[in-house]
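So the structure is just underneath, and the comments pick up after that.
The values are calculated or read from the model by the stated rules, or taken from the named source; none is laboratory data. Nothing here was measured: the structure is a model prediction, and the numbers come from that model. Cβ placement follows ideal geometry from the backbone for every residue including glycine, while neighbour counts extend to all protein chains displayed.
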Amino acid sequence: MKIPTSVMVGKRRYEIHKVKVMPKKGIMGATWYKEKAIVLATHSNVRDVRFKREEIYDTFWHELTHAILKDMGSKLEGDEKFVTAFSERLTKAIISARF
């Protein structure tokens, strides 16, 4: 499971950044639209533990889902419940894919 360093969403290229912790408590990642960046934390800012690789991977797909929905102009972009449900299924589909 690799996380890219950048990804195209529509006409925008988002740079992917890993940081130790996010500034806001309880947050594992964020999509910064103006900066064209997806930021992923490697450690919890609530307790000093490293996230599992699968958690970081899932967070990447979650944040990418936000970016895609924003690009589409969808009202679902801000619906955290929908984004979480969709991205969890997307992550499982990608991990389980066989070629």
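Odds and ends about this structure:
- Residues satisfying the stated conditions in region 45-99, i.e. of a type in the set (A, V, I, L, M, F, W, C), closer than 19 Å to H17 by Cβ and outside any loop (DSSP other than H, G, I, E, B): I56, F60, W61, L64, A67, I68
- Residue among E54, E63, E88 that alone is under 21 Å from P4 (Cβ atoms), of a type outside the set (S, T, N, Q) and buried (at least 17 other Cβ atoms within 10 Å of the Cβ): E63
- The set of residues in region 29-45 being closer than 18 Å to T84 by Cβ and at pLDDT below 95 consists of S44 alone.
- If you filter region 12-51 down to residues that are in contact (Cβ under 8 Å) with a residue 40 or more places away in the chain and not aliphatic (A, V, I, L, M), you find that the one that is surrounded by the most Cβ atoms within 10 Å (Cβ to Cβ) is Y14.
- Scanning region 71-85 for residues that are surrounded by 14 or more Cβ atoms within 10 Å (Cβ to Cβ) and free of Cβ contacts under 8 Å to residues at least 40 places away in the same chain returns L76, E77, D79, F82, V83.
- Leading residue by the ranking (farthest from V49 (Cα to Cα)) among those in region 6-22 that are in a loop (DSSP other than H, G, I, E, B) and basic (K, R): K11
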